[in-house]
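Take a look at the structure below.
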Amino acid sequence: MPSQQEVQWSQLKVGVLIIVALSALMALIFLMSGNTGGFFTGKIRLHAYFENSAGLKVGAPVNLDGVTIGNVKAIKIVAQPRLTPVEVIMSVSKKYQGQLHSDSKAGLSTVGVLGDTVVDIDNRTAKGGPIQNGAQLPTNETPNLNDVIQASQGTIQQLNVILGNVNALINQISSGQGTIGKLISDPSLYNNLNASVTKLNKVATQLSSGQGTIGKLLKDPSLYNHLNETATKIDDVANKIDTDQGTLGKLIQDPTLYNNLNQSVTKLNHLLTQVNSGQGALGMMVNNKAFANKLNDTVTQLDSILQQANAGKGTLGQLIKNPSLYNHLDQVAASSNTLVTAIRKNPKKYLVIHLKIF
């Protein structure tokens, strides 16, 4: 009969064997499942070169547009110096080979809360042929955190300067300096605004009670009545114009004015045509140079005569300038009036008819 110790040892061996079998089964299931295809799926090997691995580790996922298609098999430092000294060797499931192109670009990105680095293959702009096993993918360099921090140093310094200026401005405003500081700290603005609001309330009260010009405009209906009467009169005038009443109505509705104007314009055009052709006195004045010269000479002589008359020269000048002729004519006229008056009073004295009979 086995001892208690032998029974326990047998049970322990059975338990260990079961645990190992279950672990092997779970590992086999895990390796056979997933996008990478496990041990029984064909693989292709791809290469990519980066300036910096950015914390990439062996076994990290390789994603195609966000879908895991393989993992990182090795990360090497290239012996010969070059611009991209880090070589990343990737193992990708062969079933995705047709979806990868020779110009698909590999880049490094971070995923998850901890920021694990993965290889992300961008296939959006790729137009090349299908990729072959052992091919090299072009890369998109992603700046690491140190590069980002160094590039942002200048921006951070500018932000510090701006924040310092903002703090100084806030301190000035808090101490009541400047226009904004006075607006915030000085109570006079509040007092002035309060006084203005009080005056506005008073004006509004006066308007509501119908005081003042604007108040009367708002409250007194006479303005509305006058405007209504004016509108009525204007409407009446418009009706008269439409019905051909009055002067303005005839001007708008009656075609006689248009016809008369048209005839006048026609006659004026005919007259201008005659003038341009040299007909009539005006035409000769415009077109006949000899006639124009004679007319000019006549006007010149007439101007000379008028100048002499204004100067008192000649008979006409004496008639215009010498007052003695006026006086004589005035005396003759007075004597004639006296004689006519005397004849009317006593015609027998002046009108004597002698009859002689032979």
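The values are calculated or read from the model by the stated rules, or taken from the named source; none is laboratory data. As the structure is a prediction and not an experimental result, all values here were calculated from the model. Note that each Cβ is placed from the backbone with ideal geometry, even for glycine, and that neighbours are counted across all protein chains shown.
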Report summary line: Checked pairs for the range 325-352, first modelled with pLDDT under 80, second of a type in the set (S, T, N, Q), C-beta under 9 Å and 6 or more apart or across chains, list as 325/318
Query - Long-range neighbours under 9 Å by Cβ, at least six apart or interchain, first residue assigned to a helix (DSSP H, G or I) and at pLDDT below 75 within the range 247-276, second surrounded by 10 or more Cβ atoms within 10 Å (Cβ to Cβ) and acidic (Asp, Glu) - result: 249/242; 250/244; 252/242; 252/244; 253/242; 253/244
Requested in this report: Would you be able to say whether some residue in the range 244-254 is at positive phi and among the acidic types (Asp, Glu)?
Outcome: yes
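Only one of 298, 247 is among the β-branched types (Val, Ile, Thr), loosely packed, with under 12 Cβ neighbours inside 10 Å and within 60 Å of the chain's Cα centre (by Cα). Can you tell me which?
247
This table checks each residue for (1) over 30 Å from residue 54 (Cα atoms); (2) hydroxyl-bearing (Ser, Thr, Tyr); (3) surrounded by 15 or more Cβ atoms within 10 Å (Cβ to Cβ).
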site: 111; (1), (2), (3): no, no, no
site: 114; (1), (2), (3): no, no, no
site: 122; (1), (2), (3): no, no, yes
site: 164; (1), (2), (3): yes, no, no
